[in-house]
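*Asks:* The structure follows.
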Amino acid sequence: MANKIKLLIVDDEEKFLESIAKRLEMRDFEVRTATRGAEAVEIAREEKFDLALLDLKMPGMDGKQVLEILKKEHKHIEVIILTGHGSVDSAVDCTKLGAFGYLPKPYELEKLLETLQQAFKVRLEKKFKQDENRMDKLAKLATGTSALGILREMKKLDDSEM
């Protein structure tokens, strides 16, 4: 499971949720599901995910609210909105909030897989860039700071990782 893409799927339609989860698990995703937005946020606070697939319209906390929280609390997660209630306005709003993609229901599995793959690639590129920047900072520290100073700065860099 360590090499699988960790995916959080959130949808209030339980049969749909079960079906899509099984389809993606068969394609080597490690899937966690939630039927409510608040439940999804709680799960994401306990575990790290690479990607999230969110329904837009749900009772209580909707997909847009979940998107905002996930992007704020998990800087490397990429989020795809999958909805049967889409509009141009909601697509624009979600994109402004940081959604990677916006797909209609019913979905085409191949299009969904392609979008998930692209989102994961973007996630890796962002993470790699951040890691590269952190290594550059450490290299600069190593040339002009005491051993204790280096450890303090490494701790700050480590604490900044979400």
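The values are calculated or read from the model by the stated rules, or taken from the named source; none is laboratory data. Everything quoted here is computed from the prediction, not taken from an experiment. For neighbour counting, all protein chains shown are included, and Cβ atoms are generated from backbone atoms with ideal geometry for every residue, glycine included.
*Asks:* Among the residues of the range 75-104, which ones are surrounded by fewer than 17 Cβ atoms within 10 Å (Cβ to Cβ) and over 18 Å from the mean Cα position of the chain (by Cα)?
*Replies:* G84, H85, S87, V88, D89, V92, P104
*Asks:* Ok, one more. Could you pull out the residue among F29, F16 that is buried (at least 18 other Cβ atoms within 10 Å of the Cβ) and among the aromatic types (F, W, Y)?
*Replies:* On the way: F16 fails: buried (at least 18 other Cβ atoms within 10 Å of the Cβ).
From the options F29, F16, the qualifying one is F29.
*Asks:* Test A2 against the stated conditions and say whether it is loosely packed, with under 14 Cβ neighbours inside 10 Å, modelled with pLDDT under 95 and small (G, A, S).
*Replies:* yes
*Asks:* Return the residues of the range 94-133 that are small (G, A, S) and part of a loop (DSSP other than H, G, I, E, B); say none if nothing qualifies.
*Replies:* Just the residues of the range 94-133 that are small (G, A, S), to begin with: 98-99, 101, 119.
G98, A99, listed by residue number.
Quick grid of which residues meet (1) out of contact with any strand residue (DSSP E or B) (no Cβ under 9 Å at 6 or more places or on another chain); (2) not charged (D, E, K, R):
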| residue | (1), (2) |
| --- | --- |
| K22 | no, no |
| D28 | no, no |
| T35 | no, yes |
| V41 | no, yes |
| P59 | yes, yes |
